1. Sort 459-469, 60-70 by the packing proxy (mean of other Cβ within 10 Å over each peptide's residues), most packed first.
2. Which distance in nm do the two modelled labels at Asp170 and Asp229 give, with both placed 7 Å along the Cα-to-Cβ direction?
3. Could you list which residues have their amide H under 5 Å from that of Tyr298, counting only those 5 or more apart in sequence or on another chain, with H placed in the peptide plane?
4. Once the piece of chain linking Glu387 and Asp339 is laid out straight, how much longer is it, given 0.36 nm per residue of separation minus the C-alpha distance between them?
5. For the range 194-241, max minus min Cα coordinate along each principal axis, in Å, sorted largest first?
6. Pop out the Kirkwood hydrodynamic radius of the range 122-161 from its pairwise C-alpha distances, inverse of mean 1/r, in Å to one decimal.
7. Once label points are set 7 Å from the Cα along Cα→Cβ at both Glu155 and Asn301, what is their separation, rounded to one decimal in nm?
8. In whole Å, how far is the Cα centre of the range 418-451 from that of the range 126-150?
Amino acid sequence: MSRKTSKLVKILLSLFAFNSLTLYFYFSSDSHHLHHNNNSQTITPQTHHHHHHQQQQQFSKPWPILPSYLPWSSSQNPDVKFRSCEAYFGNGFLTRLDLLNSSSPTPPGGGGGRGGGWFRCFYSETLRSSVCEGGKVKMNVGKIKMSRGGERLEEVIGRREEEEMPVFEDGAFEIDGDGDGDGNLGFGRRRLVSDEFLNSFLPEGEISSHTMRTLIGSIRVVEPQVFDDCEQWVEEPTLLVTRFEYANLFHTVTDWYSAYVSSRVTGLPNRPHLVFVDGHCKTQLEETWTALFSSLRYAKNFSSSVCFRHAVLSPLGYETPLFKGLTEDINCHGAAAHDLWRNPDDRKTARLSEFGEMIRAAFGFQVNRHQTEKPGSGLNVLFVRREDYLAHPRHGGKVQSRLSNEQEVFDSIQRWVSDHSECKINLINGLFAHMTMKEQVKHIQDASVIIGAHGAGLTHIVSATPKTVIFEIISSQFRRPHFQLIAQWKGLEYHAINLAGSYANPTVVIDKLGDIMRSLKC
C-alpha cells in the first residue's frame, strides 16, 4: 500500500470512528435529554417520554451525516459557559422549565387519546430567548387574525404587512390539561403561562411584535374533551415558525438557523415538519425551507382546527447570534469539528459550518468533499450580483445600489481573467435572482473565491466550503459587519475594499483579486 493510500485510509477510518461515536452518544441519550445547570429552573422531574410511531419514519426526512456535527445534548456537554461560543451558536438553552406535565403517555396511533398534554421551555441566558415544545397542542385557526398566506406574489401586490403578521386571540392555541391538577378546568380555562414568565424567559427586547411570546401567551389549558373535535391530527414533530423579513436572504438564514437549532436542542430524531404561522406569500426562499425540513404548510391552509402531537416553537431569527452579532461582541472563530472534539475551546465553534453543511446536504450535495476536489478545470471566482426583482407585495422591484458601477467592475474582471495566464480561472456571473436556490448553493460550494458588493446575497457564504476566500466590496453607506462576522465564525479568509462612496475603481478591485489568486497558487 502506498504512503498516500495509507494516509487516505487513516483519514477515512478517523471520520468513520468520529461519526460512529457521535451517533452512539446521540442514540444512547434520551432523545429529550434533561437540561441542567447550577441555576436550573426545573419545576418537576420529567417522567414521560415522547412516543414516535413507526409510521413517522415513512413521512419524516432523516438527518444527514454532517462532517462538522458535534453532539447537542447538554448531558454530554453540561458545562456550557455564559457567552461562550457554544452558548451563542449551539446548545446554551440549559435552563429547563416544565410548565405542564402529562398524566399518562399518549396511546399509539394518536387521534383523540386520553393522554394529557405537556409543555416545557429551554431558556438561554446568553441569547435571552427560549426554545419551547409541547404535546397535545391544538391550533384554532379561526382565532389567528392574518391573511391566508402561500399565495403567488402577483396575486397580493399592495397587501399591507400588518395583514400578513399573526394576531393571536386568547385560546388561539390550547393544550390538554388532563392530569394538571386544576379541578376548575371545565369552568374557567387558565393561561398556560403568566406575564411574569413571559417577561423572564421570552422578553420582548427590541422586537416590537414578538410573535412567539404572544403565541405562547395565547395558550389556554383546557379539558381533554376539547380535543375530541380536532379535524386533523399531526403525529410527527412539527415546527411552528413566524417569519418577519421573509423575502430577505440574510433574515431568512437567521430563521433557518433558529429552526435548525430548535430541532437539535429538542432532540428530534428526524427532520421536523414545518408550519408557517404567518400570512406571507410564497417566495423563492421557500425552496430551501422545503429542502431543509420534511414538509411545509401555512397555518391558514388548515381547516378550523388542527392538533399536534408534538409542536416545537422556534425563537425568532432576531434572537440568533447571526443577528445579535451586529450589536454584540461575539468573539468567536470558526474551527474544525474534529479539533474541537479533541480540544474544546470556548472561543471557537464549528456550528456555523455544521449548519452550512446541513443546507448543502438538504439539496443533495456531498458535504465531505475537500476543497481541492472543486472543479479540476480551474478555480471558480463567483461574482454575486445585485439585481432588480420583485421581492414582496410592497416592493417596487428596484434594489438599492451598493456598487454603482457593478457592471463595469464585472466586465473588467472578465477581461483580466481572459488574459490571466498563470492558471485557469472561471468567472461565474452570480445572477442569483434568475437561479433556483439549489443552483445558488451549488455555485457557492464550487467557488474558490466569492466576491460581491455588500448585500443579502452574500449570506450564502454560510454554505461555503472551508478554504473559500471571501472578498467584499463595501460602499460608504453600508459599512456593516454581517459578512465579515460570518466569515470569521466559519473560519474563512476574508478581504474587503471600503469605498469612499459607491464607485469602485476596477483596477483596485483587480489588484486585490490578483493578490488573492496568487495566495491560492494561481
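1. Details: 459-469: 22.4, 60-70: 18.1.
Those peptides, ordered most packed to least, come out 459-469, 60-70.
2. Spacing of the two 7 Å Cα→Cβ label points: 1.9 nm.
3. Sorted by chain and number, the residues that satisfy this are Phe276.
4. 13.3 nm
5. Here the Cα extents, ordered largest to smallest, are 39, 22, 15 Å.
6. 14.2
7. In this crude label model, Glu155 to Asn301 measures out at 1.0 nm.
8. So the two Cα centres are separated by 39 Å.
Values quoted throughout were computed directly from the atomic coordinates according to the rules given, and no laboratory measurement underlies them. Since the structure is predicted, the reported quantities are computational estimates derived from the model, not experimental observations. Cβ coordinates were reconstructed from backbone atoms using ideal geometry, including for glycine residues, and neighbour counts include every protein chain displayed.
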